[in-house]
Amino acid sequence: MKKKMSSLISSFGNDDPTNFEKTFTYLEEVGKILPHSKICFDLLKKLNSQTTDSESDSLITALHKIQFASNTTNNFYFYFPLVSHILYYKPMSEKEVLKYLIGPNFANGTSEVEEMIDIINGAMKYKLNENQNYLSKESQDWITNELPKLKNEVQREIDICWKELED
């Protein structure tokens, strides 16, 4: 199973004709092992600026239920396309999902806001260099244009990580 998950992570976005499909095909594949991943994929396909709060809540609930278990780096790379795509359309969801980007990087030693934003930006460039379909166009826009504006929110997530570490 560990080999299968590693293979799926490395193939993010490789087999479908549309940009969305190319980016999120891994969710369908992982869905064979983690059913909530497939549910998340189906809900993510419907996500747009007209998506209702109830539909967004269902998507975020499915996201939380995926419970992808791996090392911190793979965990970050698994959730990165998902979270950034969701936040493009539903920026008010950041309190519920930003932790999937901040937590793993905090665990890897990043605890300053500017450094955290730089790490996420660098991860985008690195992964897009490997696979141009790794992130949706919406994800790339959010990372480039919106993430830098979220310094207080990133700090809040770092503070939560510190508090959890102390407990």
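So what's the net charge close to Thr73: Lys and Arg +1, Asp and Glu -1, counting the other residues with Cβ under 14 Å from its Cβ?
Details: positive: Lys127; negative: Glu130.
So the surrounding residues net to 0.
Enter the angle in degrees (range 0 to 90, nearest 10) between the Cα long axis of helix 35-45 and the first principal axis of the Cα atoms of the chain, meaning the one along which they spread out most.
90
Find the centroid of the Cα atoms in segment 91-113 and in segment 23-55, then give the distance between the two in whole Å.
When both Cα centres are located, 21 Å separates them.
Calculate how steeply helix 53-66 sits against the longest principal axis of the alpha-carbon atoms of the chain, using the helix alpha-carbon long axis, and give the answer as 0 to 90 degrees to the nearest 10.
With both axes taken from Cα atoms, the answer is about 90 degrees.
How much accessible area per residue does segment 108-156 have, in Å², with a 1.4 Å probe? Could you put the intermediate results ahead of the total?
Details: 2660 Å² over 49 residues.
Accessible area per residue, segment 108-156: 54 Å².
Using a Gaussian network for the chain with springs between C-alpha atoms less than 10 Å apart, which of these wobbles most: Met116, Met124, Met92?
Of the options given, Met92 has the highest mean-square fluctuation.
How much FRET efficiency would the formula 1/(1 + (r/R0)^6) give for Lys46 and Leu128, where r is the Cβ-Cβ distance and R0 is 30 Å, rounded to 0.05?
Numbers: r = 25 Å, r/R0 = 0.83.
Calculated transfer efficiency: 0.75.
Taking a 22 Å limit on the Cα-Cα distance, which of the listed pairs Lys95/Lys149; Lys45/Lys65; Lys65/Lys149; Lys32/Lys65 fall beyond it?
Working: Lys95/Lys149 14 Å; Lys45/Lys65 18 Å; Lys65/Lys149 28 Å; Lys32/Lys65 14 Å.
Those over the limit are Lys65/Lys149.
Starting from the Kirkwood Rh over alpha-carbon pairs, what translational D in µm² s⁻¹ does segment 12-131 have by Stokes-Einstein at 4 °C and 1.567 mPa s? Walk me through the numbers before you get to the answer.
Values: Rh = 14.8 Å.
Rounded to a whole number, D works out at 88 µm²/s.
Pairs of alpha-carbon atoms within less than 8 angstrom and 6+ residues apart define the contacts here; what relative contact order does the chain have, in percent?
Details: 175 pairs, mean separation 36.7, N = 167.
Normalised by residue count, the contact order of the chain is 22 percent.
If I fit a long axis through the Cα atoms of helix 72-89 and take the longest principal axis of the Cα atoms of the chain, what angle between them do I get, 0 to 90°, rounded to 10?
It is inclined by approximately 80 degrees.
Once the other residues with Cβ under 12 Å from the Cβ of Asp42 are scored (Lys, Arg +1; Asp, Glu -1), what is the net sum? Kindly include the intermediate steps, with their values, before the conclusion.
Values: positive: Lys38, Lys45, Lys46; negative: Glu28, Glu55.
Value of the local net charge: +1.
Can you give the helix-only mean residue ellipticity at 222 nm for the chain, where every DSSP H stretch with n ≥ 4 adds -39500 (n - 2.57) and the sum goes over all residues, rounded to the nearest 500 deg cm²/dmol?
On the way: 10 runs with 116 residues, N = 167.
Rounded to the nearest 500, the figure is -21500 deg cm²/dmol.
What is the Cα coordinate range of segment 74-153 on the first, second and third principal axes, sorted by size from largest, in whole angstrom?
28, 26, 20
Quick one: pull the percent of accessible area on the chain belonging to carbon and sulfur, 1.4 Å probe, ligands and nucleic acids left out.
Details: 4300 of 8760 Å².
Percent of accessible area from carbon and sulfur atoms in the chain: 49.
Mind checking which of Ser49, Ser136, Ser84 has the largest fluctuation in a GNM of the chain, springs on alpha carbons under 10 Å?
Between Ser49, Ser136, Ser84, it is Ser49 that shows the largest mean-square fluctuation.
The values are calculated or read from the model by the stated rules, or taken from the named source; none is laboratory data. Just so you know, these numbers come straight off a predicted model, no measurement behind them. So basically every Cβ, Gly included, is an ideal-geometry build from the backbone, and we count neighbours across all protein chains shown. Ligands, DNA and RNA are excluded from the accessible area calculation, which covers all protein heavy atoms including side chains. Shrake-Rupley method; radii C 1.70, N 1.55, O 1.52, S 1.80 Å.
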